[in-house]
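Notes follow the structure.
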Amino acid sequence: MIAASIADFRELARRRLPHFLFEYIDGGSYSETTLRRNVEDLRDIAPRQRVLRDVSALDLSTELFGQRLSLPVILGPVGLAGMNARRGECQAVRAAEAAGVPFTLSTVSACGLDEVAAAATKPFWFQLYMTRDRGFMRELLAEAREVGCNALVFTVDMPVPGSRYRDYHSGLAGAPGIKGAIRRTWQGAMKPGWAWDVGVMGRPHGLGNVMRKLEGRTGIEDFFAWMRNNFDSSIAWADLDFIRSEWRGPLIIKGLLDAEDSVEAANLGADGIIVSNHGGRQLDGVPSTARALPAIADAVGERLTVLADGGVRSGLDVVRLLALGAKGVLLGRPWVFALAAQGQKGVEHMLRLIEAEMRVAMTLTGVTSIADIDRSILVPEAGQPR
Ligand code: FNR
């Protein structure tokens, strides 16, 4: 199948990946209400069709934190993304470079900062979680500086990992020890294309940022146990001082859904924020990004750069989030599905689809540049999600 949409990439990924891995990416927390609303609330926003405005010359480029982007799109941080294709994050960073957009490497990536830096030819972004071990954070920040990362995304909506039922049912989290290992091995064996690509050709795996800390215990259960034990729920606004003392470049706080919190972030001098509910993977029932974004953009849009993610499944959705006040939009599942389906080429193809769909959306709403996209391109009554 040639993918015509992100839904097609999802289907291709479902066919190629072991069940537990697909479920890990696709799922959200509890009843997945927020996950669904991220997608549905965006889809319900009606663009305002305008005609006869000469939109023959479109410019989709933009500038974020002093960097020129060919599209206002960023590949967002996704943990273990590299397990979806051989040396996955290395393929993804190259795809992002080819498309002229930033790639964000997760703290909990499969490929380490050093390996991704060796695969990249340009700077990329790094995402940091708050961990109990401040020394570990310092080491990661020093390495991110050394390899030339040009923005830091500090994720604050994971003081504890959310509970995801699908991971229990799939055998990723619910069957500890040998039982779980057997289930996962069996599921992997059922997908020989993936097993060969990742399990055989992808080895020996260089160690991801966290795996290095595990000293040889590199099983997926060791990894999740490390996350449970090391994520720090004492995280507070004062910790930003610590980050600031270790990081001089652009600092972007990820995981805000509340206007008051966003004002706090602006007061403390963040360069940017990402309005996000972690793709519906943390507290189920919280508002969708589309619902939360307008009030936040109104509150702090003049003071810092507002980015957003969650539920984007087309270029039209990118335009919708821009119209609600975002200056740039991160993709999570879309690039991981494309990577799982077709590696670097898949991610490049997915970004071309996003660009083409953005062009149609801009053409038919009558805007020629990213800066012109605002709420006036949405139908007023239907413009506000439920
Ligand atoms: C994530 N996300 C995430 N965020 C982060 O800051 N660090 C991380 O390591 C991860 N890991 C992660 C794994 C998986 C499998 C998913 C799906 C998501 C959240 C991610 O950056 C982003 O906020 C959402 O994915 C956006 O929603 P969509 O685009 O997936 O709908």
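Conditions tested, residue by residue: (1) of a type in the set (Asp, Glu); (2) farther than 26 Å from Ala92 by Cβ.
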site	(1), (2)
Asp309	yes, no
Ala326	no, no
Ala341	no, no
Ile354	no, no
Val379	no, yes
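Results for (1) away from the ligand (no atom under 12 Å from the Cβ); (2) part of a helix (DSSP H, G or I), shown as yes or no for each residue.
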{"residue": "Arg15", "(1), (2)": "yes, yes"}
{"residue": "Leu21", "(1), (2)": "no, yes"}
{"residue": "Val39", "(1), (2)": "no, yes"}
{"residue": "Arg53", "(1), (2)": "yes, no"}
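Elements of the type helices (runs of 4 or more DSSP H) sitting completely within segment 284-386 and holding at least 2 residues that are touching a residue at least 60 places away in the same chain (Cβ under 8 Å), within 15 Å of the ligand (Cβ to nearest atom) and in contact with a helix residue (DSSP H, G or I) (Cβ under 7 Å, 6 or more places away or on another chain): these cover 289-300, 315-323, 333-365.
Per-residue answers, yes or no, for (1) more than 17 Å from the chain's Cα centre (by Cα); (2) over 28 Å from Ala95 (Cβ atoms); (3) within 16 Å of the ligand (Cβ to nearest atom); (4) of a type outside the set (S, T, N, Q):
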{"position": "Thr121", "(1), (2), (3), (4)": "yes, no, no, no"}
{"position": "Phe124", "(1), (2), (3), (4)": "no, no, yes, yes"}
{"position": "Phe136", "(1), (2), (3), (4)": "yes, yes, yes, yes"}
{"position": "Cys149", "(1), (2), (3), (4)": "no, no, yes, yes"}
{"position": "Val153", "(1), (2), (3), (4)": "no, no, yes, yes"}
{"position": "Val160", "(1), (2), (3), (4)": "yes, yes, yes, yes"}
{"position": "Tyr165", "(1), (2), (3), (4)": "yes, yes, yes, yes"}
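In this structure, is Asp271 more than 16 Å from the ligand (Cβ to nearest atom), charged (D, E, K, R) and in contact with a Lys or Arg (Cβ under 9 Å, 6 or more places away or on another chain)? No; evaluated as a whole, the condition is false for this residue.
Does segment 241-250 contain any residue that is in contact with a Gly (Cβ under 9 Å, 6 or more places away or on another chain), of a type in the set (Lys, Arg) and more than 16 Å from the ligand (Cβ to nearest atom)? Yes, segment 241-250 has at least one match. If only residues of segment 278-299 that are crowded, with 23+ Cβ neighbours inside 10 Å and among the β-branched types (Val, Ile, Thr) are counted, the one that is nearest to the chain's Cα centre (by Cα) is Thr289. Counting only strands (runs of 3 or more DSSP E) that sit wholly inside segment 59-110, those with at least 1 residues that are away from the ligand (no atom under 15 Å from the Cβ), in contact (Cβ under 8 Å) with a residue 12 or more places away in the chain and closer than 24 Å to Asp271 by Cβ are 62-64, 67-69.
All conditions in (1) at pLDDT below 95; (2) within 26 Å of Leu330 (Cα to Cα) hold for Arg145, with the sole exception of (1). The lone criterion from (1) at pLDDT below 95; (2) of a type in the set (A, V, I, L, M); (3) part of a helix (DSSP H, G or I) left unmet by Met1 is number (3).
The values are calculated or read from the model by the stated rules, or taken from the named source; none is laboratory data. Nothing here was measured: the structure is a model prediction, and the numbers come from that model. Because the Cβ atoms are built from the backbone with ideal geometry, glycine has one as well, and the counts that use them run over all protein chains shown.
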